[in-house]
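To start, I am sharing the structure in question, which I have written as structure tokens.
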Amino acid sequence: MWNPEKELFTELYQYPEHLRHTLENLPNGSGVYIFYGDDNAFPLYIGKSVNIRSRVMSHFRNPAEAKLLHMTRDIEHIETIGEVGALLLESDLIKTRRPLFNKRLRNARKLCSIRLQELSAQIVFSDDVDFSHSEDLFGLFKTKMSAIEKIRDIADQEKLCYGALGLEKLAKNRACFRFSLGKCAGVCCGKESPEAHQARLREALSALKIRSWPYPGRIAIVEEARGQTDYHVINHWFYLGTVKTLEAAKEFDIAVPHFDRDSYKILCKPMFAADSPKIILLD
């Protein structure tokens with residue numbers, strides 16, 4: 001969509017000389033950086049990088065960010081031990097401080113997922129189902145419509161039946177309209193068994209399967225670099241905070257308010273990778 005205000009700022013882009021002084025103290029290591037306008041209580045933008053200085057300088061060279069740069073008066077940074085800490089801190093700060101220019105990591109507490117049970121596919125919600133422990137959940141969606149669209153896309157690719165999936169009404173003992181077009185393999189009229197239909201749906205969804213929380217309770221993810229150590233405290237995919245000692249990590253005893261989509265996506269890869277970081281059970 002055409003944005004005349006953004007286009008105007010892009011056309012008028014000039015290197016932000018008024019921010020040159022902010023580069024002096026930016027480190028070359030991992031962490032989070034925060035752009036402030038005239039009011040330091042409300043940030044404009046929060047970002048993260050494994051090289052804070054390099055990443056901030058890339059903003060300075062981007063004409064598409066002219067409006068952000070024009071409004072910015074100061075840049076703060078918070079160093080972290082490594083990338084995992086930077087990712088978790090960025091996500092947490094964006095949710096709690098709601099910067100003007102950040103959209104992607106804004107809080108989405110009520111999530112949808114696709115649950116397969118026997119021969120059916122259902123849309124379930126995170127306020128009704130415990131996403132941390134439920135089996136056969138596939139995908140994390142912010143709206144019911146986006147989950148339905150995912151099922152529809154898979155049905156189109158795999159020649160699955162809209163009627164069998166609950167996407168449209170199906171007349172008893174009659175083939176669906178898409179079968180006559182060669183877009184359905186025929187579970188609706190006995191040309192394919194319900195079991196085969198469900199197996200193809202499960203296979204197509206397999207890459208989206210949500211991993212259940214594999215621990216009895218809280219854990220500490222240990223991140224080490226340059227002789228320093230951070231303990232990232234996690235409970236049921238929810239990030240509780242980062243501390244410098246194991247004793248302090250054990251003191252975190254906060255009830256998990258909801259399933260956190262962003263923490264889940266950040267943590268799944270490092271926790272299950274072949275070179276996964278050290279994990280300490282706290283419960």
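The values are calculated or read from the model by the stated rules, or taken from the named source; none is laboratory data. Here the structure is a predicted model, which means the values were calculated and not measured. Glycine gets a Cβ as well: all are built from the backbone with ideal geometry, and neighbour counts include every protein chain shown. Accessible surface is based on the protein model in full, side chains and every heavy atom, while ligands, DNA and RNA are left aside. Shrake-Rupley method; radii C 1.70, N 1.55, O 1.52, S 1.80 Å.
Taking the residues in region 116-144 that are among the small types (G, A, S) and farther than 23 Å from E195 by Cβ as candidates, determine which candidate is most open to solvent (accessible area, probe 1.4 Å).
Within region 116-144, the match that is most open to solvent (accessible area, probe 1.4 Å) is S126.
Among the candidates A147, A155, A164, single out the residue that is open to solvent by less than 70 Å² (accessible area, probe 1.4 Å), aliphatic (A, V, I, L, M) and part of a loop (DSSP other than H, G, I, E, B).
It is A164.
So which residues in region 236-252 are touching a Lys or Arg at 6+ places or on another chain (Cβ under 8 Å) and open to solvent by 50 Å² or more (accessible area, probe 1.4 Å), if there are any at all?
none
Please tell me if P257 is under 22 Å from K95 (Cβ atoms) and outside any strand (DSSP E or B).
yes
Also, quick follow-up: Could you please give the count of residues in region 253-283 that are surrounded by 15 or more Cβ atoms within 10 Å (Cβ to Cβ), hydrophobic (A, V, I, L, M, F, W, C) and under 14 Å from the mean Cα position of the chain (by Cα)?
Counting residues in region 253-283 that are surrounded by 15 or more Cβ atoms within 10 Å (Cβ to Cβ), hydrophobic (A, V, I, L, M, F, W, C) and under 14 Å from the mean Cα position of the chain (by Cα) gives 3.
H197 is checked against (1) more than 18 Å from L116 (Cβ to Cβ); (2) open to solvent by less than 60 Å² (accessible area, probe 1.4 Å); (3) modelled with pLDDT of 95 or more and fails just one. What number does that condition carry?
Failed condition: (1).
Then there is this: Could you check region 168-191 and list, in sequence order, the residues that are surrounded by fewer than 17 Cβ atoms within 10 Å (Cβ to Cβ) and either acidic (D, E) or closer than 17 Å to R202 by Cβ (or both)?
Across region 168-191, the qualifying residue is only E168.
Do you know which residues across region 14-34 are more than 15 Å from E79 (Cα to Cα) and outside any loop (DSSP other than H, G, I, E, B)?
Residues satisfying the conditions are E17, H18, L19, R20, H21, T22.
Which of the following residues is within 30 Å of A204 (Cβ to Cβ), open to solvent by less than 60 Å² (accessible area, probe 1.4 Å) and assigned to a helix (DSSP H, G or I): S91, S113?
Just one listed residue meets the conditions, S91.
Could you check region 212-223 and list, in sequence order, the residues that are farther than 15 Å from L87 by Cα and either in a strand (DSSP E or B) or open to solvent by less than 20 Å² (accessible area, probe 1.4 Å) (or both)?
Within region 212-223, the first condition is being farther than 15 Å from L87 by Cα, and the residues that meet it are 212-220.
Matches in region 212-223: W213, G217, R218, I219, A220.
Out of region 61-73, which residues are under 29 Å from T242 (Cβ atoms) and buried (at least 16 other Cβ atoms within 10 Å of the Cβ)? It would help to see each step written out before you state the result.
First, the residues of region 61-73 that are under 29 Å from T242 (Cβ atoms): 65, 68, 72-73.
Passing the criteria: E65, L68, T72.
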